[in-house]
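Some notes on the structure that comes next.
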Amino acid sequence: MEKLIIEGGKPLYGTVRISGAKNAALPLIAATLLAEGIHTLNNVPDLRDTRTILRLLESLGITWERHGTTLRIDSTNLTYSEASYDLVKTMRASVLVLGPLLARLGKAKVSLPGGCAIGARPIDFHIKGFEQLGVTCRLEQGYVDAEIDGRMQGSTIFFDVPSVTGTENLLMGAALAQGTTIIKNAAREPEIGNLVDMLTVMGAEIEGRGTDRLTIHGVERLYASESEIIPDRIEAGTYLIAVAATGGEVTVTDCNPAHLPSLLDKLRVAGMEIKELGNTITLDATGRQKIKCVDIKTMPYPGYPTDLQAQFMALMAMSDGVSIVHETIFENRFMHVAELHRMGADIAIDGHMAVVKGVGRTGFYGAPVMATDLRASSSLVIAGLAAKGRTEISRIYHLERGYEQMVEKLTALGATVWKEQE
């Protein structure tokens, strides 16, 4: 097992290219199950999670090959309908094969998902939605065992709370249903728009892209297609916060500024100079000795993203004042707080809120810490980059689930960071 070593206290300068979005790549890879033939996906990041879902597809009879950032997936010989626990346990998004398997084979047996320990994240929305489409679902020995005789039947589905993977799963299933399906209070994240675009190219008929009401007119058949993964807005946001924490000036390229409205607003309030031009964002933190305190509240898109909460908390821990971080999406997403304490942070948790008393840029110092989940690990990287001295982060396999070549990218920006065996 590897650990990450950071010699902190150095401002970041230069340019960093953003990879394809993990949270878009996973549902698009799953969507290739819907139609036989050879699918082409471009701008696919090479991550632990993308490798996991490709292994899952292999277990179902699918073959694939990678050429750089391009994946070619041949879904012609889809044979099996069971996603085993051994593959699903490490990644919640594995449940996304449920909809495509039901739509194409009429049956699916998928292990209840795992992933980061940041909350319960039940798949009730998925199951109830498919039941409304006529699917019989049973929960047995840790698996969802689902089947339907013939095609799913269109229906109206309402989410009490917007669910990203629930919206994606039902979108894929309803694309081949008989009749019209309406998803109300659907999630609106850019990654869902990316999936809608792919399904449309495959022949699906979907209205309401980018809104909370999606109307899917089921078709009898979909076709293999070529699609592009959107840039990873969470990776872009992580690097922008890292520059704000350490000082310096960095241009983030190959991103979409329109996907980060709430973060960019918060960074400006914190005192950062930000310029958006085309597919680039430049953040200038040079000469800013103090970081202004800013409150955040995580919300469904276009609100502040929960996947950037831990990183922004690390920044606020270095601010000049007191800020409130309110987490409304996942109940266990403050596990990084104990590790930030080890580095000098002053943070008190009160239920779903954290009171962050900033200790200034000079109040952080290196320490041995442990990553507890994907985004918590990136908050520790940010703290380590800004801290005086050496930080050692263990369990970085969490980090590798969602960040492509982070060591190489940070090194190119002037950071002193490397991996070692534990």
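Annotations for the structure displayed:
- When only the Cβ of Lys, Arg, Asp and Glu is charged (+1, +1, -1, -1), the dipole of the stretch 274-422 relative to its Cα centre reaches about 420 debye.
- Whether the stretch 118-235 is rounded, prolate or oblate, judged on the alpha carbon gyration tensor where a/c under 1.5 counts as rounded: oblate
- DSSP beta bridge pairing in the stretch 22-228, given as percent antiparallel to the nearest 5: 75 percent
- Cα gyration tensor shape for the stretch 22-228, rounded if a/c is under 1.5, else prolate or oblate: rounded
- Note: relative contact order over the chain, using C-alpha pairs below 8 Å and six or more positions apart, is 21 percent.
- Top positive-direction residue, dipole computed over the chain with Cβ charges, set Leu139, Leu399, Gly208: Leu399
- With neighbour counts taken as other beta-carbon atoms within 10 Å, the residues Asp254, Asp160 rank, fewest first, as Asp160, Asp254.
- Computed from Cα atoms, the angle from the helix 233-246 axis to the main principal axis of the chain rounds to 10 degrees.
- Relative contact order, percent, the stretch 42-146 [alpha-carbon distance under 8 Å, six or more residues apart]: 20 percent
- Three-way shape label, the stretch 342-408, alpha-carbon gyration tensor, a/c 1.5: oblate
- Mean silhouette area of the chain, derived from the convex hull of its C-alpha atoms and averaged over all directions, reads 18.2 nm².
- Taking 18 Å as the limit for the C-alpha separation, the pairs Lys266/Lys388; Lys290/Lys357; Lys10/Lys409; Lys266/Lys292; Lys292/Lys388 exceed it in the case of Lys266/Lys388; Lys292/Lys388.
- Sites matching trypsin sites (Lys or Arg not before Pro) across the stretch 133-238 that sit in DSSP coil, with at most 11 neighbouring C-beta atoms within 10 Å: Arg221
- Unit charges on C-beta of K, R, D, E only; dipole of the chain, Debye: 800 debye
- Degrees, to the nearest 10: 164-174 long Cα axis against longest axis of the chain: 20 degrees
- Note: relative contact order over the stretch 22-228, using C-alpha pairs below 8 Å and six or more positions apart, is 20 percent.
- Annotation: the antiparallel percentage among DSSP beta bridges lying fully within the chain is about 70.
- Qualifying chymotrypsin sites (Phe, Trp or Tyr not before Pro) for the stretch 315-422 [loop in DSSP, other Cβ within 10 Å: at most 14]: Tyr397
Any read-out appearing in this document is the output of simple, stated calculations on the displayed coordinates, not a laboratory observation. None of these values were measured; they are calculated from a predicted model. Don't worry about glycine lacking a Cβ; one is built from the backbone with ideal geometry, like all the others, and counts go over all protein chains shown.
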